[in-house]
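Asks: Before we start, here is the structure in question, set down as structure tokens.
The values are calculated or read from the model by the stated rules, or taken from the named source; none is laboratory data. Remember, it's a predicted structure, so these values are computed and weren't measured experimentally. Positions of Cβ are backbone-derived with ideal geometry, glycine not excepted, and every protein chain shown enters the neighbour counts. To get the accessible areas, we keep the full protein, side chains included, count just its heavy atoms, and leave off ligands, DNA and RNA. Shrake-Rupley method; radii C 1.70, N 1.55, O 1.52, S 1.80 Å.
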Amino acid sequence: MISYLQSELPPITLRMCDVERLRNIAEAASDKYPQTADFLAREIERAEILPDSQLLPGLIMMGSEVTFRDDISGQERCVTLVYPEAADVEANKISIITPIGAALIGLSAGQTIEFQTPGGRWRSLTVIRAYPPRDALN
């Protein structure tokens, strides 16, 4: 399917402290979730990497609370982006190894990303706001 919503992926930024663990997760998930793991690995490779001490307002990092809009349905959702072992759909904690989690990492408030799900559907998400993890504020 050809996408007509946007032609380029938005620039993304990751903190150095997350990069190695995210690479390990993508590699470990490559057998069980090959498309999502590949998407996450590509996102890591294209990201600008910042020192851990540099916090950017509105940047989505691991542990961030994020409000985003599904641009296809118009529905807004508030989630916390977590590592796989902390995922809990009932508590709105989504894993980085889900298509939405892999799409959101490294984006900032106001950015939109379009991606294809493992089922072949196109999704477009716009970040409305992102709050840093509580431990990043200390």
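Asks: Out of (1) crowded, with 18+ Cβ neighbours inside 10 Å; (2) at pLDDT 95 or above, the odd one out for THR112 is which?
Replies: For THR112, the failing item is (1).
Asks: Would you confirm, using the coordinates I've provided, whether GLU85 is open to solvent by less than 50 Å² (accessible area, probe 1.4 Å) and among the acidic types (Asp, Glu)?
Replies: Criteria not met by GLU85.
Asks: Go through (1) at positive phi; (2) surrounded by 13 or more Cβ atoms within 10 Å (Cβ to Cβ) for GLY74 and report which single condition fails.
Replies: Of everything listed in (1) at positive phi; (2) surrounded by 13 or more Cβ atoms within 10 Å (Cβ to Cβ), GLY74 misses just condition (2).
Asks: Now for a different question. Can we say PRO51 is within 19 Å of ARG134 (Cα to Cα) and touching a helix residue (DSSP H, G or I) at 6+ places or on another chain (Cβ under 7 Å)?
Replies: yes
Asks: Next question, about the same structure. Could you please tell me which pairs satisfy a Cβ distance under 9 Å, a separation of 6+ or placement on different chains, a first residue in region 72-95 that is farther than 25 Å from SER30 by Cα, and a second residue that is polar (S, T, N, Q) and not in a strand (DSSP E or B)?
Replies: Close Cβ pairs satisfying both conditions: ARG77/ASN92; CYS78/ASN92.
Asks: Give the residues of region 18-43 that are open to solvent by 90 Å² or more (accessible area, probe 1.4 Å) and either touching a residue at least 24 places away in the same chain (Cβ under 8 Å) or within 13 Å of the chain's Cα centre (by Cα) (or both), sorted by residue number.
Replies: Within region 18-43, ARG21, TYR33, GLN35, ARG42 qualify.
Asks: Kindly evaluate ILE49 against the criterion of being modelled with pLDDT of 95 or more, of a type in the set (Val, Ile, Thr) and under 13 Å from the mean Cα position of the chain (by Cα).
Replies: Values: modelled with pLDDT of 95 or more: yes; of a type in the set (Val, Ile, Thr): yes; under 13 Å from the mean Cα position of the chain (by Cα): no.
No; evaluated as a whole, the condition is false for this residue.
Asks: Can you pull out the residues in region 52-80 that are part of a strand (DSSP E or B) and either among the basic types (Lys, Arg) or within 22 Å of ARG42 (Cβ to Cβ) (or both)? Walk me through how you get there before you give the answer.
Replies: So the first thing to find is which residues in region 52-80 are part of a strand (DSSP E or B), and the list is 59, 65-70, 76-80.
The answer is LEU59, VAL66, PHE68, ARG69, ASP70, ARG77, VAL79.
Asks: Mind telling me which of the residues GLY120, GLY106 ends up being under 21 Å from ALA29 (Cβ atoms), open to solvent by less than 10 Å² (accessible area, probe 1.4 Å) and of a type in the set (Gly, Ala, Ser)? Explain how you work it out, then say what you get.
Replies: Details: GLY120 fails: open to solvent by less than 10 Å² (accessible area, probe 1.4 Å).
Just a single option satisfies the conditions, and that option is GLY106.
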